[in-house]
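Inspection log for the structure reproduced underneath, given as structure tokens.
The values are calculated or read from the model by the stated rules, or taken from the named source; none is laboratory data. None of these values were measured; they are calculated from a predicted model. Note that each Cβ is placed from the backbone with ideal geometry, even for glycine, and that neighbours are counted across all protein chains shown. Please note that ligands, DNA and RNA were not included when accessible areas were found on the heavy atoms of the full protein model with its side chains. Shrake-Rupley method; radii C 1.70, N 1.55, O 1.52, S 1.80 Å.
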Amino acid sequence: MKIGIMTFWESTNNYGQILQLFAMQSYLTKIGHSPFLIPYHRVPPPVKMSLFTRLFRLNPISSYRRKRYERIKVLGEVQDLKRQFSQFKKQFINFGQEEYYSLSDLIARPPIADVYVTGSDQVWNNSFQVSAEAFLLGFGDSRIKRVAFAASFGKRKLDTTTEKLFKKYIHKFSAVGIREKSGLEICNTLGYRNAKWVLDPTFLFTKSEWEELLGIDFVRNVNSPKTVFIYTLGNSEIVEKELFINYAKSLEGFVTLHATANNDSSGSLFPTIPEWVSYIGSSELVITTSFHGMVFCLINNTKFIILPNTGAAEGMNERIDSLLSLLGLEHHKMTRFNKEHADSILRNEVDWAEINRKISDFRQESMKFLAEALER
């Protein structure tokens, strides 16, 4: 079947965003379908913006903020060139022929497909600056099948406005797979009682399959120094982040590599997507604020410390909590720095055989859900 994927794809430095898209498209191809990304621009370029938006940008206060942001953005763009996201997308992502810049654009000339699939990532998080409405797939012929796979609300409870928005669309879905367990209760509140908890699409492939997909080798060289890989994001408010970074740098016999994204200037490494995955797979320990950073630690059996979001973004931690609870690894989340706790994670062995078994079982359930969703 021809399957149009609606998900996030525009980032030039969010590794997890592009890898979840790549995984979803690769898996659908693997099981015999013809998937393509629907190139929906959540933030259209200025030439495509409405007159109101362009006038707002001329406001002195917003103009000052924008200029300050754009100065920071220039530096980020220089760093992002090193990551080569554009080259990765051109090589690995199958883009649909038509580009879209608004929901009305999608409604006016909807993508031609047998099925629309939305997910993963926080496509159903309606607290972002851009509404989640387009990812509720309210466009196209009613005969087109609509499926959500690993869609994330990014919070534990919906506000009244968002709840009303979702009730308008969710019953048009033939199947709904949610990435966080708490999302099942949200779906129940919306009156959709057949939702299933599924894994992020990056889990649909094993460690060896990722090696083949990306053309990399995760084998750790025993003659090389052990590595601690740090990956932090500028949009994640983390308590005592510097203490965790200093801890990694203080470990004797270890080399510290620190990659950053989203205007985080605390690191100096800007790897390509295959390099980023390879660093995780070949390190002794990973310290990260990233959900997908944690996911690839689990896939590669790499010890990790996950630093959750604080403040307004705290609801995004549900994706971390759900997965850690499932696997019995809650102690790998640290909300404050504690050297004894960090040492115990680094020094103690993990029962990876049991973790791999749990992931394998959940992987099979997620694959079954997707196969049945597409066959309905």
(request) Spot the failing condition for residue 326; the list is (1) open to solvent by less than 40 Å² (accessible area, probe 1.4 Å); (2) over 30 Å from residue 87 (Cα atoms), and only one is missed. (result) (1)
(request) Could you grab the pairs with beta carbons closer than 9 Å, sequence gap of 6+ or different chains, first residue in the stretch 32-45 and on the phi > 0 side of the Ramachandran plot, second one open to solvent by less than 50 Å² (accessible area, probe 1.4 Å)? (result) none
(request) Answer yes if at least one residue in the stretch 38-54 is at pLDDT 95 or above, under 18 Å from residue 202 (Cα atoms) and either within 20 Å of the chain's Cα centre (by Cα) or outside any loop (DSSP other than H, G, I, E, B) (or both), and no otherwise. (result) no
(message) Kindly evaluate residue 140 against the criterion of being assigned to a loop (DSSP other than H, G, I, E, B), modelled with pLDDT of 95 or more and on the phi > 0 side of the Ramachandran plot.
(response) yes
(request) Residues being surrounded by fewer than 18 Cβ atoms within 10 Å (Cβ to Cβ) and in contact with a Gly (Cβ under 8 Å, 6 or more places away or on another chain): count how many of those fall in the stretch 225-256. (result) 3
(request) Report the residue count in the stretch 334-370 for those that are open to solvent by less than 40 Å² (accessible area, probe 1.4 Å) and not hydroxyl-bearing (Ser, Thr, Tyr). (result) 14
(message) Taking the criterion of being more than 23 Å from residue 250 (Cα to Cα), open to solvent by less than 50 Å² (accessible area, probe 1.4 Å), at pLDDT 95 or above and out of contact with any strand residue (DSSP E or B) (no Cβ under 6 Å at 6 or more places or on another chain), would at least one residue in the stretch 310-318 satisfy it?
(response) no
(request) Take the stretch 1-37 and flag every residue that is part of a helix (DSSP H, G or I), in contact with a helix residue (DSSP H, G or I) (Cβ under 7 Å, 6 or more places away or on another chain) and open to solvent by 20 Å² or more (accessible area, probe 1.4 Å). (result) 26
(message) On the basis of being within 30 Å of residue 252 (Cβ to Cβ) and outside any helix (DSSP H, G or I), does residue 295 make the cut?
(response) no
(request) Go through (1) out of contact with any helix residue (DSSP H, G or I) (no Cβ under 7 Å at 6 or more places or on another chain); (2) within 20 Å of residue 139 (Cβ to Cβ) and name the single condition residue 176 misses. (result) (1)
(request) Could you please give the count of residues in the stretch 79-107 that are among the aliphatic types (A, V, I, L, M) and either touching a Cys at 6+ places or on another chain (Cβ under 8 Å) or open to solvent by 80 Å² or more (accessible area, probe 1.4 Å) (or both)? (result) 2
(request) Residue by residue through the stretch 143-158, note down the ones that are at pLDDT 95 or above and open to solvent by 30 Å² or more (accessible area, probe 1.4 Å). (result) 143, 145
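Residues are listed down the side, and each one gets a yes or a no for (1) assigned to a loop (DSSP other than H, G, I, E, B); (2) in contact (Cβ under 8 Å) with a residue 40 or more places away in the chain:
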{"site": "202", "(1), (2)": "no, yes"}
{"site": "210", "(1), (2)": "no, yes"}
{"site": "216", "(1), (2)": "yes, yes"}
{"site": "224", "(1), (2)": "yes, no"}
{"site": "227", "(1), (2)": "no, yes"}
{"site": "247", "(1), (2)": "no, yes"}
{"site": "257", "(1), (2)": "no, no"}
{"site": "280", "(1), (2)": "no, yes"}
{"site": "287", "(1), (2)": "no, yes"}
